[in-house]
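Q: This is the structure I have questions about; it appears just below.
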Amino acid sequence: MKIADLIQTARGDHPADLLLTDAKIINVFTGEVQRANIAIKDGCIAGLGDYDSVETLDLNGKFVAPGLIDAHVHIESAMVCASEFARAVIPRGTTAIIADPHEIANVSGIAGIEYMLMASGNLPLNVFFTLPSCVPATLMETSGATLDAEALNPLLNHHRIIALGEMMNFPGVIHADPEVLKKLGLAMAHGKRAEGHCPGLSGRALNAYLAAGISSDHECTDLDEAMEKLRAGMHIMIREGTGAKNLAGLLPVVSAKTAHRIMWCTDDRHPHDICSEGHIDDMIRRAIGYGMDPITAIQIGTINPARYFNLRHIGAIAPGRRADLIVLSDLDRFEVRQVYTAGKLAAQAGRMAYEIKEDPADHMFSTMNVDLSRLDFTIPAKTNPVKVIEVVPGQIVTRRILMNAAIENGFAVSDPSRDVLKLAVVERYKGTGNIGKGFVKGFGLQRGALASSVAHDSHNIIAAGVTDDDMKVAVKALVDSKGGLVVVSDGDIKACLGLPIAGLMSNRPLEAVRRRIDKLTGAAKELGCRLPDPFMTLSFLALPVIPELKLTDKGLFDGGRFEHVPLFSE
């Protein structure tokens, strides 16, 4: 685009490429609905009003809003590559995302980040990135890579890397860890924000965290926490993912005085939810359904993240902005009829209007260095009780409970009668043979086993099951398929999804991945599982930075004490 051409078109000296007439424009600056025409030149908005144009399209009074922005998302959690993710979310009105490639970085380091930049570089979806700050997430687990400040520094100059990613190592910030502070300092030296991740942090600890220059959080789960962080100067991203659903509980925090500091984000959303419910459009519909003013809900999903991340070319319908637009029949139902990206019709009636170039399939990261002959899931019995991870439905936090273990032949075993399964995390990168072992309550599984190579954030193999034999079969299946998800019963594979890109993603269409996941979920349900999305729940049981109790390849981890603890009660 030549700025001079855009200026000349805005003056009316040259015709626009496209004129959208009779539009009810959502003005996110003033909160008004403005009836006008939209003149587009070289993918940008030249002006609002009457213009000559090469092509004219009458919108017949339909509403037009800026394209939606997801303020924090992990593409990898949709289990598809960037091109398939774009194909899925653009028809739902999302035209820009702020993605954190933290997951693939923990698997493949700088090579993983460079792959994501390459794979997303020529998409109709605006894909911006934050630079992963915690690889590994903690030193309490084995990851596939380690990225220190020196390794990250060259990437901070990339024009699509717009912030330092979520600083999950809040103890490191609070205790002024030199390496953590060096990363934060580099981001600020490059004029880029530092993103937060501090679940439950309060009082002086929160003050210390914010004193380091961190400016946002997407981990709030209740109103008091969100309000304390807002009062302390943070921007709050309200999250509605698959494993963590916080929208309904946090909506009361949005008021006329706070709305400008709120953003929507999905963080981690599985294919089933994207296909059946939507993306940021789903969050806006829900917010409107709960009584929020539609224009406020749109501002939260457009201009707010654009301003926060200093993306001055998107987020609004105004001269000089990229012509990323969504057309709506009405505001209350918020059904996206058409989507324009850079002034070109990209989607209509829920489908892409043209094909997106597929992600090249030659970037596969094989990271399954597991000696299957060394798998041992036995747990010698010690003094009862044992610490058990209890699932909290709809959340990624867990509870720490004490239970007497079921004992057979001197070994602690699963007890499906009490909904207690054996849980294991198998290191998959360095061939250490590390296996963390514990117990989890809340799946409802009566027989068989589940396993996944998606296990936040280091993404070792995680397995839960009734018998050791089925857990071994499940782990072997994942090694053979270079990663994925699997359900096993009586030694047979009941359902499997291969994820050969770093053990995290497929290059198949999102709908196809969704069908496989539906089959996996159905197979788990047949084995007694009660969770609506057992693999999303399973994937977060290895994340030590989320309280209260988790499991890594190095053992049971207490998030409150931020240290490994014995499985059996001390």
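A short reminder: the numbers here are calculations on the coordinates, not readings from a lab. As the structure is a computational prediction, the values presented were derived from the model and not from experiment. All Cβ positions, glycine included, derive from the backbone under ideal geometry; neighbour counts span all protein chains shown.
Q: What's the center-to-center distance, using Cα atoms, between the stretch 201-253 and the stretch 92-115 in Å?
A: 23
Q: List the residues, sorted by chain then number, that are 5 or more residues from Val392 or on another chain and whose placed amide H is less than 5 Å from its amide H.
A: Amide H neighbours of Val392: Arg399.
Q: Sticking with this one: Using every alpha carbon pair in the stretch 194-331, what percent of pairs falls into each 5 Å bin from 0 up to the bin containing the largest distance?
A: Pairs per bin, as whole percents: 2, 10, 19, 21, 20, 15, 8, 3, 1, 0.
Q: Oh, and also: Which residues' amide hydrogens lie under 5 Å from the amide hydrogen of Met167, considering only partners 5 or more residues apart or on another chain, with H built in the peptide plane?
A: Distant-sequence amide H within range of Met167: Glu195, Gly196, His197.
Q: Return the FRET efficiency for the residue pair Gln34, Asp490: r is the Cβ-Cβ distance, R0 is 60 Å, and the value is rounded to the nearest 0.05.
A: 0.40
Q: Per residue of the chain, what 222 nm ellipticity follows from adding -39500 (n - 2.57) for every DSSP H run with n ≥ 4, rounded to the nearest 500?
A: -7000 deg cm²/dmol
Q: I'd like to compare 405-416, 534-545: which one has the highest average count of other Cβ atoms within 10 Å, and what's the full order after that?
A: Output ranking for 405-416, 534-545: 534-545, 405-416.
Q: About the Cα centre, and with charges only on the beta carbon of Lys, Arg (+1) and Asp, Glu (-1), how big is the dipole of the chain? Nearest 20 debye, please.
A: Once rounded to the nearest 20, the dipole reads 380 debye.
Q: When a/c is below 1.5 the answer is rounded, else prolate if a/b is larger than b/c, else oblate, so apply that to the stretch 70-223 with a ≥ b ≥ c taken from the square roots of the Cα gyration tensor eigenvalues.
A: Since a/c reaches 1.5 and a/b is larger than b/c, the shape of the stretch 70-223 is classed as prolate.
Q: In whole Hz and in residue order, list the ³J(HN,Hα) couplings for the stretch 23-39 that follow from phi through the Karplus curve 6.51 cos²θ - 1.76 cosθ + 1.60, θ = phi - 60°; x for Gly and Pro.
A: Using θ = phi - 60°, the values come out as 9, 8, 8, 7, 8, 6, 7, 10, x, 9, 9, 10, 8, 6, 9, 10, 9 Hz.
Q: Right, here's the next one. What shape does the stretch 468-570 have by the C-alpha gyration tensor, where a ≥ b ≥ c are the square roots of the eigenvalues, rounded means a/c under 1.5, and otherwise prolate means a/b greater than b/c and oblate the rest?
A: Judged from the Cα gyration tensor, the stretch 468-570 comes out prolate (a/c at least 1.5, a/b above b/c).
Q: Okay, moving on. Hey, can you rank 374-385, 273-284 by average C-beta count inside 10 Å, highest first?
A: In descending order of packing, they fall as 273-284, 374-385.
Q: Compute the separation of the alpha-carbon centres of the stretch 41-56 and the stretch 423-443 and state it in Å as a whole number.
A: Cα centroid of the stretch 41-56 versus Cα centroid of the stretch 423-443: 58 Å apart.
Q: Dividing the convex hull volume of the alpha carbon atoms of the chain by its residue count, what do you get in Å³ per residue?
A: Cα-based convex hull of the chain, divided per residue, equals 139 Å³.
Q: So, one more: At what distance in nm do the modelled label points of Asp518 and Glu150 sit from each other, each positioned 7 Å from its Cα along Cα→Cβ?
A: About 5.1 nm separates the two model spin labels.
Q: Please work out whether the stretch 372-564 counts as rounded, prolate or oblate from its C-alpha gyration tensor, where a ≥ b ≥ c are the square roots of the eigenvalues and a/c under 1.5 means rounded, while otherwise a/b larger than b/c means prolate and anything else oblate?
A: Because its axes are fairly even, with a/c under 1.5, the stretch 372-564 counts as rounded.
Q: Arrange the peptides 132-139, 345-352 so that the one whose residues have, on average, the most other Cβ atoms within 10 Å appears first.
A: 132-139, 345-352
Q: Something else: Between Arg160 and Leu372, 0.36 nm times their residue separation minus their Cα-Cα distance comes to what?
A: 72.3 nm
Q: Return the distance in nm (one decimal) between the two label points of a simple spin-label model at His175 and Val392, each offset 7 Å from Cα along Cα→Cβ.
A: 2.4
Q: I've got another one for you. Taking 0.36 nm per residue of sequence separation and subtracting the Cα-Cα distance, how much length would be gained by fully extending the chain between Ser329 and Gln348, in nm to one decimal?
A: Residue separation times 0.36 nm, minus the Cα-Cα distance, leaves 5.6 nm.
Q: Assuming 0.36 nm per residue, please report the length gained on full extension of the stretch Met188 to Ala205 beyond their Cα-Cα distance.
A: Value of the extension gain: 4.0 nm.
Q: Which entries of Lys472/Lys550; Lys441/Lys550; Lys441/Lys476; Lys437/Lys472; Lys382/Lys422 show an alpha-carbon separation above 19 angstrom in the structure shown?
A: Correct reply: Lys472/Lys550; Lys441/Lys476.
Q: From the backbone phi of the stretch 217-226, what are the Karplus-calculated ³J(HN,Hα) couplings (6.51 cos²θ - 1.76 cosθ + 1.60, θ = phi - 60°) in whole Hz, Gly and Pro given as x?
A: Here the 3J(HN,Hα) series is 8, 10, 10, 5, 10, 9, 5, 4, 4, 4 Hz.
Q: Using only the alpha-carbon atoms, how far is helix 102-119 inclined from the longest principal axis of the chain? Give it as 0 to 90 degrees, nearest 10.
A: With both axes taken from Cα atoms, the answer is about 30 degrees.
Q: Can you tell me what the convex hull of the Cα atoms of the stretch 297-424 projects to on average, as an area in nm²?
A: Mean orientational projected area (the stretch 297-424, Cα hull): 15.9 nm².
Q: Compute the distance in nm between two label points, each set 7 Å from the Cα along the Cα-to-Cβ direction, one at Phe562 and one at Gln8.
A: Taking the simple label geometry, Phe562 and Gln8 are separated by 5.9 nm.
Q: Using alpha carbons only, how many degrees (0 to 90, rounded to 10) separate the axis of helix 280-289 from the longest principal axis of the chain?
A: It works out to around 80 degrees.
Q: I would also like to ask the following. What is the helix-to-structure angle for 178-189, meaning the angle in degrees between its Cα long axis and the longest Cα principal axis of the chain, kept from 0 to 90 and rounded to the nearest 10?
A: 10
Q: Can you list residues whose amide H is under 5 Å from Ala405's amide H, if they're 5+ apart or on another chain and H is modeled 1.01 Å from N?
A: Distant-sequence amide H within range of Ala405: Val386.
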